[in-house]
Amino acid sequence: MMLVSIVLSIFVISGVIQGLMVYGFVRRLNRWREPLLADTQCPKASIILCLRGSDPFLDRCISGLRDLDYPDFEVILVVDSERDPANEIINRHLQGEWRNVTRVYLEDRLTTCSLKCSSLIRGLSVASPASEFFAFIDADTVPHPGWLRELASSLQASDIGAVTGNRWYMPQSESFGSSVRYVWNAAAVVQMYWYSIAWGGTVAIKRTAIEQAGLREKWGRSLCEDTMLRSELAKVGLKVKFVPSLMMINREDCTINGYYAWVKRQLLTARLYHPLWIAVLGHGISSALLLLFALGLLAFEAGAWISGAGNGSNLLWLCGGLFLFQLYLAALLPVMERAVSGIVVGRGESDQWPGKRSYRKLFGYVFMTQWIYTVALIASTRIRRVEWRGIYYQVHGPWNLHREEYETFSETSQTPAGHSL
């Protein structure tokens, strides 16, 4: 009975901790209010969108950039090559009246960093010297009219070097891969909030912060541009600020194989660049060990009860505790989604997706996600070579990266329509 009591106690403690973390995050979303800058107060901005491949929502992303409610900004589209399929969508938008946009191609592909980082450096090199801050956006992000103004308004404090939003998945289908990614990301968003991990899909950085922290030089030797921001900006006395109104909806689908490769790369960047990686690793491993131990103890108690040598009450307590703990974790998701939906609806977007009301299925998805995530977490600690959009990188350390042979992005390498690249 003692082991059963210990396991149940750990369930309770773990549940309380996770509940408090979710409560703090949701409270932040629900109580977020910050005045926005007037037109006369808005500093000039440069938006940089790096493209390799034609993402499912790229057309809507570019349309959103065209319709931004901001007085003085430029858009720089850094395309991987002249043969990249993203050019077809870009060409349609450039046919109309759009004067504050520049398309450039990635010419100097550094072998010491990812193509994404090379593209950002290229974008910075052609940006207007009058721009006071840079906003980075990914092709799977669809900005609303106030997107850039919200970034600029939150960036004004002198101790803030960068501001960021985060993603929330509302996939077009309720496939297994998309649902697992939805569950994992919901938990990851909470950790990213508490650990001040920036998200490159929506982030703005002051020009002075880039210069003070030497970020261009760092990006020239890095796999990603965002995860490092907390630690690198802290070295010069600056912070990363989360902006709740910039929870951005991603409606792409994905396969389970696509999710697994993606999440391993996400965890790899945390391992390489975030100072609290040990906390992330420890939380994931300990959660898996707890679940594994509980299931092992459950099997032992069941065997003892069947043979007549065990106490049936131990089995009932353990079954009930394990079931309620998993049910509790699943119940946290609707709480978070209601808070995100309030933000989404408030800016005139739809918060509907096919599986949104199927909360009865979340129990199974939560259980499966824990195991898949644990395998990916362990695998991420051993990665020495990683693939990203058809390009392989050898990872020898945070600032010791080698890109292998370059190839242009091909239409034939794309995933089915509507799926993440």
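The values are calculated or read from the model by the stated rules, or taken from the named source; none is laboratory data. Here the structure is a predicted model, which is why all the values come from computation and not from measurement. FYI the Cβ positions are ideal-geometry reconstructions off the backbone, even for glycines, and counts take in every protein chain you see.
Restricting attention to segment 259-284, the residues that are within 18 Å of residue 116 (Cβ to Cβ), part of a helix (DSSP H, G or I) and of a type outside the set (D, E, K, R) total 10.
Screening segment 170-198 for residues that are polar (S, T, N, Q) and on the phi < 0 side of the Ramachandran plot and picking the one that is surrounded by the most Cβ atoms within 10 Å (Cβ to Cβ) gives 178. I'd like to know if segment 105-113 contains one or more residues that are closer than 29 Å to residue 245 by Cβ and either of a type outside the set (D, E, K, R) or part of a strand (DSSP E or B) (or both). Checked against the condition, which is being closer than 29 Å to residue 245 by Cβ and either of a type outside the set (D, E, K, R) or part of a strand (DSSP E or B) (or both), segment 105-113 yields no hits at all.
For segment 271-285, check the following and say yes or no: at least one residue is among the basic types (Lys, Arg), within 21 Å of the chain's Cα centre (by Cα) and more than 17 Å from residue 195 (Cβ to Cβ). Scanning segment 271-285 turns up no residue that is among the basic types (Lys, Arg), within 21 Å of the chain's Cα centre (by Cα) and more than 17 Å from residue 195 (Cβ to Cβ).
Going through 36, 29 one at a time, which residue ends up being in a loop (DSSP other than H, G, I, E, B) and over 17 Å from residue 136 (Cα atoms)?
36
Residues being in contact (Cβ under 8 Å) with a residue 12 or more places away in the chain and more than 30 Å from residue 232 (Cβ to Cβ) are entirely absent from segment 279-286. Across segment 18-38, the qualifying residues are those that are at pLDDT 95 or above and out of contact with any helix residue (DSSP H, G or I) (no Cβ under 9 Å at 6 or more places or on another chain), and the one among them that is nearest to residue 172 (Cα to Cα) is 20.
Within segment 30-47, being hydrophobic (A, V, I, L, M, F, W, C) and surrounded by fewer than 22 Cβ atoms within 10 Å (Cβ to Cβ) holds for 32, 36, 37, 38, 42.
Among the candidates 198, 209, 157, which residue alone is touching a Ser or Thr at 6+ places or on another chain (Cβ under 7 Å) and either outside any helix (DSSP H, G or I) or closer than 26 Å to residue 73 by Cβ (or both)?
198
Within segment 22-36, no residue that is at positive phi sits with its Cβ atom under 8 Å from a residue that is of a type outside the set (S, T, N, Q) and part of a helix (DSSP H, G or I) at 6+ positions apart or across chains. Which of the following residues is under 27 Å from the mean Cα position of the chain (by Cα) and among the polar types (S, T, N, Q): 30, 100? Result: 30 is the single residue among 30, 100 that is under 27 Å from the mean Cα position of the chain (by Cα) and among the polar types (S, T, N, Q). Residues in segment 376-391 that are under 28 Å from residue 175 (Cα atoms) and free of Cβ contacts under 8 Å to residues at least 60 places away in the same chain: 390 only.
Of the listed requirements (1) under 23 Å from residue 419 (Cα atoms); (2) small (Gly, Ala, Ser); (3) in contact with a strand residue (DSSP E or B) (Cβ under 6 Å, 6 or more places away or on another chain), residue 114 misses just one: (3).
Evaluating residue 134 against the criteria (1) at pLDDT 95 or above; (2) not in a strand (DSSP E or B) leaves one unmet condition, (2). Close contacts from segment 87-112, counting a first residue that is closer than 18 Å to residue 406 by Cβ and a second that is of a type in the set (D, E, K, R) and not in a strand (DSSP E or B), with Cβ to Cβ under 6 Å and a gap of 6+ residues or different chains, come to 105/82; 106/80; 106/122; 112/221. Among the residues of segment 170-195, what is the count of those that are closer than 23 Å to residue 25 by Cα and in a loop (DSSP other than H, G, I, E, B)? Number satisfying all stated conditions: 2. Scanning segment 39-60 for residues that are in a helix (DSSP H, G or I), under 30 Å from residue 89 (Cα atoms) and not hydrophobic (A, V, I, L, M, F, W, C) gives 59, 60.
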